[in-house]
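Novice: Handing you a structure now.
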Amino acid sequence: IKASGIAVTMLARPARISMGDLFVLRELFIEQTYQGILPFLDSKKALSVVDVGANLGAFVIWLNQRQGVKKAYCFEPMPASYQLCRFNLAQNGCTNALARHFQEAEVRNSAYLYAGTIIFQAIFHHFPATSRQPGRVERIP
């Protein structure tokens, strides 16, 4: 994909399987939907990013090319999307991005992220479906 003078190499599922992949790529790289967030970011500093539901890794790749990403943690529950995310991050030089796969399961937990007065909520599915006991919790530095 080449748009706005920036070229990226992205691997996605065929359109007959998932139109969602093409929608995400068009939204980020062609329509530049998230361009409006850039003025709110400190252009002198690289960012640390947590992308929950990273899909193809496109958002981190887009942000890295426009702003610079010091460190990114990309979480994706779907095995095929996780593999595509890892490939796309590597193909686009995002060596500072760590992709993590977590399994969907019956048990849901909530995590709240606070940024100033804005609260973001994400639902995590990370316990084995056959277990009611919490799985291993990993602290990311």
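The values are calculated or read from the model by the stated rules, or taken from the named source; none is laboratory data. Keep in mind that this is a model prediction, so the values were computed, not measured. Virtual Cβ from ideal backbone geometry, glycine too; neighbours counted across all protein chains shown. All accessible areas refer to the heavy atoms of the entire protein, side chains included, with ligands and DNA or RNA removed. Shrake-Rupley method; radii C 1.70, N 1.55, O 1.52, S 1.80 Å.
Novice: With a 1.4 Å probe and every protein chain left in place, work out the accessible area per residue of the stretch 1-79 in Å², rounded to a whole number.
Specialist: Numbers: 4410 Å² over 79 residues.
With the other protein chains kept in place, the stretch 1-79 gives 56 Å² per residue.
Novice: Where the convex hull is taken over the Cα atoms of the stretch 33-78, what is its projected area averaged over directions, in nm²?
Specialist: Convex hull of Cα atoms, orientation-averaged projection: 3.2 nm².
Novice: Sticking with this one: Taking all protein chains as present, what is the carbon and sulfur share of the accessible area of the stretch 29-78, in % to the nearest whole number, probe 1.4 Å?
Specialist: Carbon and sulfur atoms account for 58 percent of the accessible area of the stretch 29-78.
Novice: Please report how far the C-alpha centroid of the stretch 71-91 lies from that of the stretch 2-59, rounded to the nearest whole angstrom.
Specialist: If we compute the Cα centre of each part, the gap is 13 Å.
Novice: Enumerate by residue number the trypsin sites (Lys or Arg not before Pro) in the stretch 1-94 meeting two conditions: DSSP loop (anything except H, G, I, E, B), and at most 13 other Cβ atoms within 10 Å of the site's Cβ.
Specialist: Values: sites: K2, R16, R26, K44, K45, R66, K70, K71, R86; in loops: R16, K44, K45.
Here the trypsin sites (Lys or Arg not before Pro) that fit, given the DSSP loop and packing criteria, are R16, K44, K45.
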